[in-house]
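To start, I am sharing the structure in question, which I have written as structure tokens.
The values are calculated or read from the model by the stated rules, or taken from the named source; none is laboratory data. Note that this is a predicted model, so its numbers are computed, not measured. Backbone-built Cβ (ideal geometry, glycine too); neighbour counts: all protein chains shown. The protein model used for the area step is the full one, side chains on, heavy atoms only, and it has no ligands, DNA or RNA in it. Shrake-Rupley method; radii C 1.70, N 1.55, O 1.52, S 1.80 Å.
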Amino acid sequence: MDGATDDVNQAIAGELQLMDPHVRASRERAAQLLDPEFVEVGGSGQRWTYEEMLAELADHAGSAADGPRYEPSEISGVRLAPGLVHLTFETMLGERRTRHSSIWRRTDQTTGWRMYYHQATRVPPGVD
């Protein structure tokens with residue numbers, strides 16, 4: 001496996017961890033996967049910073065162990081530069097379909113890959 005493929009696979013692994021309700025419910029575990037400069041533009045259009053996301057992630061949909069879970073599909077990625085990966089994928093959460101784009105970065109070997117930016121767009125019913 002080459003370095004670019006390994007980087008993409010590590011970012012995908014981080015993305016999948018962030019969909020796990022146990023990770024989402026743990027501020028400590030989520031903090032290990034979000035970059036301190038993290039920003040998200042959610043499907044609702046709301047902008048979230050690192051601190052805002054960590055404070056509220058446990059209360060977001062997909063965070064309860066006994067609730068609906070994110071079901072990812074079509075996840076793929078590309079290394080944009082050393083230490084920078086762009087992922088795209090879709091999720092289903094109950095009946096809600098969403099398209100996602102995220103940028104993961106690795107600033108050093110100690111902290112590993114962390115989500116730097118995330119964008120979600122809800123897909124209306126009937127849209128391919």
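Provide the net charge surrounding Ala64, with neighbours chosen by a C-beta distance below 14 Å and charges set as Lys +1, Arg +1, Asp -1, Glu -1. Don't jump to the answer; show the numbers that get you there.
Numbers: positive: Arg24, Arg69; negative: Asp20, Glu56, Asp59, Asp66.
Residues near Ala64 contribute -2 overall.
Related question: For the stretch 65-119 and the stretch 40-54, compute the distance between their C-alpha centroids and round to whole Å.
Between the Cα centres of the stretch 65-119 and the stretch 40-54 lies a distance of 14 Å.
Now for a separate question. Beta carbons within 10 angstrom, averaged per residue: use that to sort the peptides 103-109, 80-86, 7-13, highest first.
Output ranking for 103-109, 80-86, 7-13: 7-13, 103-109, 80-86.
Take Ser26, Ser63, Ser44 and sort them by solvent-accessible surface of the protein heavy atoms, 1.4 Å probe, largest at the top. Numbers along the way, then the final one.
Numbers: Ser26 30, Ser63 5, Ser44 85 Å².
Correct descending sequence by accessible area is Ser44, Ser26, Ser63.
Round to a whole number: what % of the accessible area of the stretch 1-74 belongs to carbon and sulfur, probe 1.4 Å? Can you show the working numbers first?
Numbers: 1910 of 4070 Å².
Carbon and sulfur: 47 percent of the exposed surface of the stretch 1-74.
Per residue, how many Å² of accessible area does the stretch 1-126 show with a 1.4 Å probe? Could you put the intermediate results ahead of the total?
Details: 6920 Å² over 126 residues.
For the stretch 1-126, the solvent-accessible area averages 55 Å² per residue.
For every helix of n ≥ 4 consecutive DSSP H residues, a contribution of -39,500 (n - 2.57) applies; sum these over the chain, divide by its total residues, and give [θ] at 222 nm rounded to the nearest 500 deg cm²/dmol. Walk me through the numbers on the way to the answer.
Values: 4 runs with 34 residues, N = 128.
Per the formula, -7500 deg cm²/dmol.
Nearest 5 is fine: what % of DSSP beta bridges in the chain come out antiparallel, could you say?
Values: 31 of 35 bridges.
Antiparallel bridges: around 90 percent, rounded to the nearest 5.
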